[in-house]
Amino acid sequence: MNNYDLKKRIAVVTGGAQGIGFAVAEKLVKSGATVASWDRQADVNESAMKALSGISKVVAITCDVADWESVTQALEQTESQLGSVDIVVNSAGIAGPNATVEEYDNAAWNRILDINLTGTYHVNKAVVTAMKARNYGRIVNIASIAGKEGNPNACAYSASKAGVIGFTKSLGKELAGFDIAVNCVTPAAARTPIFDQMSEEHIAYMLSKIPRNRFLEVEEAAAMIGWLVSQENSFTTAAVFDLSGGRATY
């Protein structure tokens, strides 16, 4: 895989302890960036960053993106230990249960929206003021192909990821007058720990919708995101990049 010149760049990856988040963190450190992984799983996060510590400077910071105070504290820690944040990849998210709308648990709905959508809002909101002051920033929010097409028996997840797409387009337009790019990616399913939250029936459904007839590899997502957070991405903003293996139709 190719790497980009991210030397002297400071990056935050939420949900960096595992899955796409960890693959992105690894990609960024191999490209020379200093990385802070914000994750609510403290022990897993520490272990993950320890595995990358021999490549570049990394720190593990405990953060619940659904909690605004936790996000602002994580940013304060990051700036204190590393400096001003240039890059944000917001990968923290949950899938939630599989059930029809009429049978869906209201508490689960609220929690999924809190983490996936409100968490994205919190993280983006926290970093944009300083990025504007320096006239530089690269933000990538992880949405999902479910946010474009809607998956049955996954109403909260689909709705939350549709919200991430709309939010990204809105913020990208707000910041288009600065050298700040705000984009999102819409992956098809990747075999990560998030699968543990899904039924086998739902996993099979998702695979059946991918023309390439396989799941996304997390390294493939990291490769696209590596360019999106680089200085080379100087024009594209408020955009959606598909990683759907041919599933996306628009």
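The values are calculated or read from the model by the stated rules, or taken from the named source; none is laboratory data. It should be emphasised that the depicted structure is a prediction, and the values quoted were computed from it without experimental measurement. Glycine gets a Cβ as well: all are built from the backbone with ideal geometry, and neighbour counts include every protein chain shown.
Would a scan of the range 69-90 turn up a residue that is under 23 Å from S144 (Cβ atoms), surrounded by 15 or more Cβ atoms within 10 Å (Cβ to Cβ), of a type in the set (G, A, S) and touching an Asp or Glu at 6+ places or on another chain (Cβ under 8 Å)? It would help to see each step written out before you state the result.
Taking the range 69-90 and keeping what is under 23 Å from S144 (Cβ atoms), we get 71, 87-90.
Still in the list and also surrounded by 15 or more Cβ atoms within 10 Å (Cβ to Cβ): 71, 87-90.
Filter once more, so that each one left must be of a type in the set (G, A, S): none.
No, that holds for no residue.
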Taking the range 10-45 and the residues there that are of a type in the set (D, E) and in contact with a helix residue (DSSP H, G or I) (Cβ under 9 Å, 6 or more places away or on another chain), the one that is surrounded by the most Cβ atoms within 10 Å (Cβ to Cβ) would be D39
Sole miss for V182 among (1) within 19 Å of M131 (Cβ to Cβ); (2) within 19 Å of the chain's Cα centre (by Cα); (3) surrounded by fewer than 22 Cβ atoms within 10 Å (Cβ to Cβ) is condition (3)
Are any of the residues in the range 141-158 surrounded by 24 or more Cβ atoms within 10 Å (Cβ to Cβ), more than 22 Å from I203 (Cα to Cα) and touching a residue at least 12 places away in the same chain (Cβ under 8 Å)? yes
Scanning the range 166-223 for residues that are in a strand (DSSP E or B), modelled with pLDDT of 95 or more and hydrophobic (A, V, I, L, M, F, W, C) gives I180, A181, V182, C184, V185
For G96, the lone unmet condition from (1) of a type outside the set (D, E, K, R); (2) modelled with pLDDT under 95; (3) within 16 Å of the chain's Cα centre (by Cα) is (3)
Restricting attention to the range 225-235, the residues that are surrounded by 17 or more Cβ atoms within 10 Å (Cβ to Cβ), touching a Phe, Trp or Tyr at 6+ places or on another chain (Cβ under 8 Å) and in a helix (DSSP H, G or I) number exactly 2
